[in-house]
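The values are calculated or read from the model by the stated rules, or taken from the named source; none is laboratory data. The structure displayed is predicted, hence computed values, not measured ones. Heads up, the Cβs are rebuilt from the backbone with ideal geometry, glycines too, and the neighbour counts pull from every protein chain shown. For the accessible areas, the whole protein counts, side chains as well, though only heavy atoms, and no ligand, DNA or RNA atoms are used. Shrake-Rupley method; radii C 1.70, N 1.55, O 1.52, S 1.80 Å.
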Amino acid sequence: MRRSLFVVCALVAVAGALASCKKSLLADRDVTLVMAEVNPAETIAGQMDQAFKRKVEELSEGNIKVDLHCSGILGDVDSVMALMMKPNSTIQIHRMSAVNMASYGCEQSSLLGIPYTFASKEAFWMFVQSDIARQILDEPVDTIGVKGLFFAEEGFRHFFSTKKITSVNDFKGLNVRGTNDAAMQGLIKAFGATSVPVNYADLYAKLQTGVISVAEQPIANYFANHFYEVAPYMVLDGHTLGVMEMVITMEAWNSLSERQQKILLEAGKYASDFCRKLSQEEEDKFRRQLIANGATITDVKDVSSWQEACADVIKEASSVDASLYAKILAYSRK
């Protein structure tokens with residue numbers, strides 16, 4: 001009787017172990033995640049993407065592969081997002097800017113693109129480690145069906161132009177290409193300029209032909225896309241920090257095992273830290289190269305007059321969640 005009971009228990013244990021093993025193997029099936037990037041591979045965003053890809057594949061021992069496509073090969077921001085918001089998307093991961101997220105109804109992300117929010121990069125990186133950063137990354141889950149994996153930055157965004165600009169007054173009457181979010185559109189209007197919509201892929205040509213005379217990007221993107229060839233003047237006003245969010249479709253996220261999800265988050269932290277170091281190094285390097293290539297870089301030592309010019313814009317943009325915005329601003333005062 002005892003032997004029979006022992007045999008039964010042993011068989012149950014083996015069956016349980018096999019079931020558990022089978023479940024684990026099914027949960028950790030091989031996965032390929034297609035990732036889109038509008039910027040070239042050599043930019044800060046592109047290098048960060050590659051660091052994320054390498055770390056995911058390393059941690060998963062090849063169980064998860066990231067099929068990365070840079071330089072807008074898979075489409076511009078809007079076409080990629082339109083696809084990711086539909087079922088069975090052929091693109092699962094996308095590197096977005098916070099201002100792009102704002103244009104898709106992510107109000108909390110919009111706060112990160114309000115002019116002159118972060119006084120320094122250090123303030124931003126303190127924010128990244130906070131609970132409210134995770135809260136903002138999770139916001140699009142219910143709004144557009146994607147989840148933020150991590151934050152990063154590609155440097156402060158500055159205006160560059162075909163004619164030299166040194167103050168807010170120099171914007172009057174000019175055609176400016178800015179992001180589509182309300183804060184940027186309000187800033188352009190507050191500066192006395194006219195906003196002209198231009199696809200990012202057409203930006204070089206539109207500057208070259210005079211359709212617009214001013215645009216804005218971080219230094220690294222300004223250099224990598226050769227915008228200095230047609231708009232050789234950059235004024236370092238730092239109106240917004242180029243905050244980036246890596247997002248994944250909830251459909252893809254939910255298809256991963258818990259272990260695989262943890263791998264993506266761990267790789268995200270690695271890529272974020274990688275970006276933090278790279279961003280400053282690249283910015284310093286590109287500034288030297290831009291000057292060597294004939295670009296004129298103008299520093300803005302005091303941004304108070306720029307802030308005052310768009311004070312109403314800041315107030316209105318932050319009203320979507322004034323309490324949360326105050327918490328974000330607090331990191332610039334520490």
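Go through the range 75-84 residue by residue and turn each phi into a ³J(HN,Hα) via Karplus (6.51, -1.76, 1.60, θ = phi - 60°); whole Hz please, and just put x for glycine and proline.
Rounded to whole hertz, the list is x, 7, 3, 5, 5, 5, 5, 4, 6, 5.
First compute the accessible area of the range 204-334 with a 1.4 Å probe, then give the percent of it belonging to carbon and sulfur atoms.
About 49 percent, which is the carbon plus sulfur part of the accessible surface.
What is the count of Lys pairs in the range 90-181 whose alpha carbons sit under 28 Å apart, if the two are 8 or more places apart or on different chains?
4
Give, as a single signed number, the net charge of other residues whose beta carbon lies under 13 Å from the beta carbon of residue 94, with Lys and Arg counted +1 and Asp and Glu -1.
Combined, the nearby Lys, Arg, Asp and Glu give -4.
Enter the accessible area of residue 269 (Å², nearest 10), with the probe set to 1.4 Å and all protein chains included.
For residue 269, solvent-accessible area is about 130 Å².
If you place +1 on the Cβ of every Lys and Arg, -1 on the Cβ of every Asp and Glu, and leave all else neutral, what size is the dipole of the range 49-192 about its Cα centre, to the nearest 20 Debye?
580 debye
In debye, nearest 20: dipole of the chain around its Cα centre with unit charges on the Cβ of K, R (+) and D, E (-)?
780 debye
Which residues' amide hydrogens lie under 5 Å from the amide hydrogen of residue 149, considering only partners 5 or more residues apart or on another chain, with H built in the peptide plane?
246, 247, 248
Between the range 133-179 and the range 70-85, how far is it from one alpha carbon centroid to the other, in angstrom?
18 Å
Calculate the dipole size of the range 136-241 relative to its Cα centre from +1 charges on Lys and Arg beta carbons and -1 charges on Asp and Glu beta carbons; express the result in debye to the nearest 20.
500 debye
Could you list the trypsin sites (Lys or Arg not before Pro) in the range 122-164 that lie in coil according to DSSP, counting only those with at most 15 other Cβ atoms within 10 Å of their Cβ?
163, 164
What is the gain in length, in nm to one decimal, between residue 311 and residue 141 on full extension, counting 0.36 nm per residue of separation less the C-alpha to C-alpha distance?
Full-extension gain reported as 58.1 nm.
Quick one: helix 258-292 against the long Cα principal axis of the chain, what's the angle to the nearest 10°, folded into 0 to 90?
Helix 258-292 sits at roughly 20 degrees to that axis.
Counting heavy atoms of the protein chains only and a 1.4 Å probe, report the per residue accessible area for the chain as a whole number of Å².
Working: 15650 Å² over 334 residues.
Here the residues of the chain average 47 Å² of exposed surface.
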